[in-house]
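Step one of this worksheet: look at the structure below.
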Amino acid sequence: MTTLQINGQVRSTDAPDETPLLWVLRDELGMTGTKFGCGMALCGACTVHVDGQAIRSCLTPHGSVVGKSVHTIEHMEQDKVGKVVQQVWVELNVAQCGYCQAGQIMGAVALLKAIPKPNDRQIDDAMSGNVCRCGTYPRIRAAIQLASRRLAGEKA
């Protein structure tokens with residue numbers, strides 16, 4: 001049995017240690033907010049945070065995150081930055097089909113925690129590994145900029 005720290009709770013699984021974290025989250029723990037996209041860590045749909053870093057859960061063996069703090073999209077409502085990002089995402093109608101949006105939000109939250117006032121280049125660089133098939137990139141960038149201003153206490 002493997003014990004994991006997910007969204008502030010201790011969770012256990014009998015899955016082999018090499019099982020990707022994505023499948024443990026979705027199939028073993030019923031946390032379906034994290035999506036399967038490509039299975040090759042190229043699209044970003046499966047993005048979660050491990051010790052504050054955005055990682056691709058589709059190729060990350062869950063055994064490698066034992067003793068680390070894992071946060072998923074389900075936790076973002078309780079996260080100060082995550083909550084603001086989700087609010088502006090809705091306000092600016094970022095999502096179209098919505099499939100990639102959990103990964104996009106997780107990427108944006110990690111960016112804003114690392115660089116609270118990112119410029120366009122930093123946003124584009126940080127979000128480049130998150131594919132949006134609907135092409136909402138301008139709205140994603142605008143939402144990150146708005147979230148940055150709101151988190152800084154600026155009127156926006």
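The values are calculated or read from the model by the stated rules, or taken from the named source; none is laboratory data. None of these values were measured; they are calculated from a predicted model. Cβ coordinates were reconstructed from backbone atoms using ideal geometry, including for glycine residues, and neighbour counts include every protein chain displayed.
Quick one: which residue in E28, E18 is at negative phi, of a type outside the set (S, T, Y) and out of contact with any helix residue (DSSP H, G or I) (no Cβ under 8 Å at 6 or more places or on another chain)?
From the options E28, E18, the qualifying one is E28.
Being part of a helix (DSSP H, G or I) and crowded, with 21+ Cβ neighbours inside 10 Å is the filter here, so list the residues in region 89-109 that pass it. Explain how you work it out, then say what you get.
So in region 89-109, the residues part of a helix (DSSP H, G or I) come out as 89-91, 101-109.
Across region 89-109, the qualifying residues are W89, Q101, A102, G103, Q104, I105, M106, G107, A108, V109.
Kindly check whether there is at least one residue in region 133-145 that is assigned to a loop (DSSP other than H, G, I, E, B), touching a residue at least 60 places away in the same chain (Cβ under 8 Å), surrounded by fewer than 19 Cβ atoms within 10 Å (Cβ to Cβ) and not charged (D, E, K, R).
Start the filter on region 133-145 by keeping residues that are assigned to a loop (DSSP other than H, G, I, E, B), which leaves 133-136.
Checking which are touching a residue at least 60 places away in the same chain (Cβ under 8 Å) leaves us with none.
No, region 133-145 contains no residue that is assigned to a loop (DSSP other than H, G, I, E, B), touching a residue at least 60 places away in the same chain (Cβ under 8 Å), surrounded by fewer than 19 Cβ atoms within 10 Å (Cβ to Cβ) and not charged (D, E, K, R).
In this structure, is V81 assigned to a helix (DSSP H, G or I), in contact with a helix residue (DSSP H, G or I) (Cβ under 8 Å, 6 or more places away or on another chain) and over 22 Å from K113 (Cα atoms)?
Numbers: assigned to a helix (DSSP H, G or I): yes; in contact with a helix residue (DSSP H, G or I) (Cβ under 8 Å, 6 or more places away or on another chain): yes; over 22 Å from K113 (Cα atoms): no.
No, not satisfied.
Quick check on this structure: which one of A95, A102, A126 is under 16 Å from the mean Cα position of the chain (by Cα), outside the structural domain of G52 (by TED's automatic domain parsing), within 14 Å of V81 (Cβ to Cβ) and among the hydrophobic types (A, V, I, L, M, F, W, C)?
Values: A95 fails: within 14 Å of V81 (Cβ to Cβ); A102 fails: within 14 Å of V81 (Cβ to Cβ).
Exactly one residue qualifies, and that residue is A126.
Determine which single condition S12 fails, assuming it passes every other condition in (1) outside any loop (DSSP other than H, G, I, E, B); (2) within 22 Å of V109 (Cα to Cα).
(2)
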